[in-house]
Amino acid sequence: MAVPQVALGPFTISRLIQGCRPLAGDGVSDGARELLEAHLLSGVDTFDTADTWEPCEDAVGSFMENLRGG
């Protein structure tokens, strides 16, 4: 089942948002990588990384960069 998309101003985002606070301490473990991949495959394309969770911003950024082959 694909996750519905909604309009948010000029953007279209997934209706379901993946909270990434648990990634703030450990980076992207294999389990977290599998979870992020599963969410992307189901249509979740919006991730809550909050600026106070800087380590999780880095972890999600690294994950996304690896997906792009960087």
With bins 10 Å wide starting at 0, give me the P(r) of the chain over every alpha carbon pair, in whole percents.
21, 49, 28, 2
So how tilted is helix 54-67 from the main axis of the chain? Cα-based, degrees 0 to 90, rounded to 10.
70 degrees
Sticking with the crude label model, points 7 Å out along Cα→Cβ, report the distance from LEU8 to LEU35 in nm, one decimal please.
1.9 nm
Carbon + sulfur, % of accessible area of the chain - ligands and nucleic acids excluded, 1.4 Å
54 percent
What does the extension gain come out to for ARG15 and ASP48, with contour length at 0.36 nm per residue minus their alpha carbon separation?
10.6 nm
Treating only the Cβ of Lys, Arg, Asp and Glu as charged (+1, +1, -1, -1), what charge dipole size does the chain show about its Cα centre? Round to the nearest 20 debye.
300 debye
Among residues other than ASN66 whose Cβ falls under 14 Å from its Cβ, what is the net charge (Lys/Arg +1, Asp/Glu -1)?
-3
Could you derive backbone 3J(HN,Hα) for the range 42-53 from the dihedral phi with the Karplus parameters 6.51, -1.76 and 1.60 (θ = phi - 60°), listing whole Hz in sequence and x where the residue is Gly or Pro?
8, x, 6, 10, 10, 10, 8, 10, 5, 5, 7, 9
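The values are calculated or read from the model by the stated rules, or taken from the named source; none is laboratory data. Since we're looking at a predicted model, the values are computed, not measured. Don't worry about glycine lacking a Cβ; one is built from the backbone with ideal geometry, like all the others, and counts go over all protein chains shown. The protein model used for the area step is the full one, side chains on, heavy atoms only, and it has no ligands, DNA or RNA in it. Shrake-Rupley method; radii C 1.70, N 1.55, O 1.52, S 1.80 Å.
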